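The values are calculated or read from the model by the stated rules, or taken from the named source; none is laboratory data. Just so it is clear, the structure is predicted and the values come from calculations on it, not from any experiment. Because the Cβ atoms are built from the backbone with ideal geometry, glycine has one as well, and the counts that use them run over all protein chains shown.
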Amino acid sequence: MQFENWQVTDDGIQWSGGGFNRFFIARGKITDLRKNTAGIFYEWILLATEEDWLTQNDLYDLNYAFVYAVALFKMDFDYHIFDATLEEQYNQFDMEDDEDPDL
């Protein structure tokens, strides 16, 4: 299944937007967690958010691909963790906007 520049395959989620950049989330790693003092988050969503070459639209599309892949592969999914992850992602967007005087 294709979500703009993201493709969900039997192996996982892969960036298919062309160019030299690569981003791949292996099927067995999709729901890996990041735990820190701020909370618990889905690791790969935040790792993608930290990539400078991915646009906000690319990341929104990844969020849809992520949820689809979790359902497709019948993985455990926690809506509270996903909500916290998206909130952290949006906070990072806001920080980037504050740093860019052209926006």
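In table form, for the structure just shown:
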{"quantity": "Residues (part of a helix (DSSP H, G or I), out of contact with any helix residue (DSSP H, G or I) (no Cβ under 6 Å at 6 or more places or on another chain) and surrounded by 12 or more Cβ atoms within 10 Å (Cβ to Cβ)) located in region 1-53", "calculated": "R27, K29, E43, W44, L46, L47"}
{"quantity": "Pairs where the first residue, in region 44-66, is at negative phi and the second is among the aliphatic types (A, V, I, L, M) and in a loop (DSSP other than H, G, I, E, B), C-beta under 9 Å, 6+ apart", "calculated": "W44/I30; A48/L54; L62/L54; A65/M1; F66/I30"}
{"quantity": "Residue in region 68-90 that is under 22 Å from Q2 (Cα atoms), polar (S, T, N, Q) and modelled with pLDDT of 95 or more present", "calculated": "no"}
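Residues checked against (1) under 12 Å from the mean Cα position of the chain (by Cα); (2) not acidic (D, E):
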residue: I25; (1), (2): yes, yes
residue: N36; (1), (2): no, yes
residue: F41; (1), (2): yes, yes
residue: D76; (1), (2): no, no
